[in-house]
Amino acid sequence: MAQTQILNRRIRSIKNAKQITKAMEVVAASRMRRVQTAVGYSRTYAEMAASIIRRVAPSEEAKHHPYFKKVSDPKRLYIIFTSDRGLAGAFNSNIISTATRSFVEDMASGKSPSVVVFGRKGARFFAKLEDIDLIGNYEDVADSPEANVFGSVLETIDSGLASGQFNTVNLIYTEFVSTLNQRIRNDQLLPISLSEQESTQLKIVFEFEPSMEEVLEEAIRLYFESQLIGARTESAASEYAMRMIAMGNANRNAGDIIDGLTLELNATRQAAITQEIAEITGGASAIAG
Amino acid sequence: MLHFQLVSTKGVKFDDDAYEVLIPTKAGTIALFEDHMPLISAGAPGTISIRKKLGDSDGSMEHFAVSGGVIQVDGKSAKFLSDEVTTSEEVNEQEAEAALARAKELVKNASGQVALHEAKQMLHHSSAQLNVAKFKKRHHR
């Protein structure tokens, strides 16, 4: 009898876990759908910002601007997007392994990378790493943030470039391709390089007001913001998609375990009944004999 | 007609043909009509006003508050890209006034050049929002 009690208890606790995973799956699914529309918006915005950058990039002012200057000896700053919460499958470990692989490459050529990280999970991990310079971490950033959230990151980039701490900026985040497919991106944000083909196609001569410098400043700000907002929203959508899938799997696993345990429970209960009957019939035949 | 697009981080806020569009830029407010010379200009915080058809009265113009951005014009079409766009449906006068008061407070207490610049941008933006809210009130009367 003791055996069936233990099994009952285990089944009950797994049923609880199953309910929790179900709830998390549903929540992640609904959040993902909401963030998906924001991903669409941020892509349109980023495309337009890039098209404006392409118009200003061929100008003389842009060629001498520190953000456009090509570098031969890259010292990198990585801006990495992880999540605040876990239980999202391989979401954070994928990002972290891509990042550490890049760090190893940099260190092989004798340079220590600088890092700005978004998300609690990444912050915890990179704080423990030696040989990297963690110059900023941000937690509890909205899924689809306002542009001014990134103001301090832009300042960090500006001052780091000016002091020569780094001359290249990479963006590591998870791109949302579809619910079942997310891709890790490691894109170069700085120096801004757009393919030659795209910039020579344009024939219209534009007038710049009030001055090329001011247009350039504004265009660069919009471009950075659009890239960072894009990376954050894509990451958020991917995180929810991966959590939805992970929780779906966990939910199915829990169901399988409950099925197995129920079979075992029935078998032990039946064994106990059979044993009792055998004892009774044994006793009865002893008395009759 | 000029095809005008107003795009913010929260989506496309306006995408239609217009007769005249008033744009706040750092060199002052400009009016865009069809066949405007190709232009890229830095936008300033302020109000964008759109007259959809020739002969529409000022009262029927559509207004948006923007926080700055970049305008790109190439004759037949114009695109304004801004990180923050507020439509007249999204603001109400009390909230806008409260935001303006907050922004004024920030300008007063700003420490350092960067903070002051940010606070001033916010001040301009919230006063533009208040303007849009007032336009709406007039419109509904």
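List of remarks:
- Residue tally, condition within 14 Å of chain B (Cβ to nearest Cβ) and in contact with a Phe, Trp or Tyr (Cβ under 7 Å, 6 or more places away or on another chain), over segment A:51-76: 4
- Some residue of segment A:243-264 being in contact with a Phe, Trp or Tyr (Cβ under 9 Å, 6 or more places away or on another chain), surrounded by 15 or more Cβ atoms within 10 Å (Cβ to Cβ) and not charged (D, E, K, R): yes
- Test: residue in segment B:80-101 that is touching a Phe, Trp or Tyr at 6+ places or on another chain (Cβ under 8 Å) and modelled with pLDDT of 90 or more: yes
- Selected residue [β-branched (Val, Ile, Thr) and within 27 Å of the chain's Cα centre (by Cα)] from A:VAL27, A:VAL71, A:VAL56: A:VAL27
- Candidate set from segment B:18-31 (those that are on the phi < 0 side of the Ramachandran plot and free of Cβ contacts under 8 Å to residues at least 24 places away in the same chain); member that is surrounded by the fewest Cβ atoms within 10 Å (Cβ to Cβ): B:ALA31
- Condition met for B:LEU22 (within 30 Å of A:GLN36 (Cα to Cα), modelled with pLDDT of 85 or more and assigned to a strand (DSSP E or B)): no
- Scoring B:ASP15 on the criteria (1) surrounded by 15 or more Cβ atoms within 10 Å (Cβ to Cβ); (2) closer than 23 Å to A:ILE53 by Cβ leaves a single failure, condition (1).
- Condition check for B:ALA27: within 12 Å of another protein chain (Cβ to nearest Cβ) and either more than 20 Å from B:GLN121 (Cβ to Cβ) or out of contact with any helix residue (DSSP H, G or I) (no Cβ under 6 Å at 6 or more places or on another chain) (or both): yes
Results for (1) farther than 16 Å from A:LEU171 by Cβ; (2) of a type in the set (Lys, Arg), shown as yes or no for each residue.
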{"residue": "A:ALA50", "(1), (2)": "no, no"}
{"residue": "A:GLU60", "(1), (2)": "yes, no"}
{"residue": "A:PRO74", "(1), (2)": "no, no"}
{"residue": "A:ARG85", "(1), (2)": "yes, yes"}
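- Residues that are assigned to a strand (DSSP E or B) and within 14 Å of chain A (Cβ to nearest Cβ) within segment B:4-19 comprise B:PHE4, B:GLN5, B:LEU6, B:VAL7, B:SER8, B:GLY11, B:VAL12, B:LYS13, B:PHE14, B:ASP15, listed in sequence order.
- Qualifying residue in segment A:197-204 (condition: buried (at least 16 other Cβ atoms within 10 Å of the Cβ), within 14 Å of another protein chain (Cβ to nearest Cβ), more than 30 Å from A:ILE96 (Cα to Cα) and touching a strand residue (DSSP E or B) at 6+ places or on another chain (Cβ under 8 Å)): no
- Failed condition for B:LEU39, given (1) over 20 Å from A:ARG221 (Cα atoms); (2) at pLDDT 85 or above; (3) hydrophobic (A, V, I, L, M, F, W, C): (1)
- Those residues of segment A:206-241 which are of a type in the set (D, E, K, R), at the interface with chain B (Cβ under 7 Å from one of its Cβ atoms) and in contact (Cβ under 8 Å) with a residue 40 or more places away in the chain, in sequence order: A:GLU225
- Annotation: B:LEU81 fulfils all but one of (1) closer than 22 Å to B:GLU118 by Cβ; (2) more than 10 Å from chain A (Cβ to nearest Cβ); the unmet one is (2).
- Spans of strands (runs of 3 or more DSSP E) in segment A:22-138 with at least 3 residues buried (at least 21 other Cβ atoms within 10 Å of the Cβ): A:76-81, A:114-118
- Filtering segment A:142-153 to residues that are modelled with pLDDT of 90 or more and surrounded by fewer than 17 Cβ atoms within 10 Å (Cβ to Cβ) leaves only A:ALA142.
- Any chance A:LEU134 is in contact with a helix residue (DSSP H, G or I) (Cβ under 7 Å, 6 or more places away or on another chain) and free of Cβ contacts under 8 Å to residues at least 24 places away in the same chain: yes
The values are calculated or read from the model by the stated rules, or taken from the named source; none is laboratory data. None of these values were measured; they are calculated from a predicted model. Cβ atoms come from the backbone with ideal geometry, glycine included; neighbour counts cover every protein chain shown.
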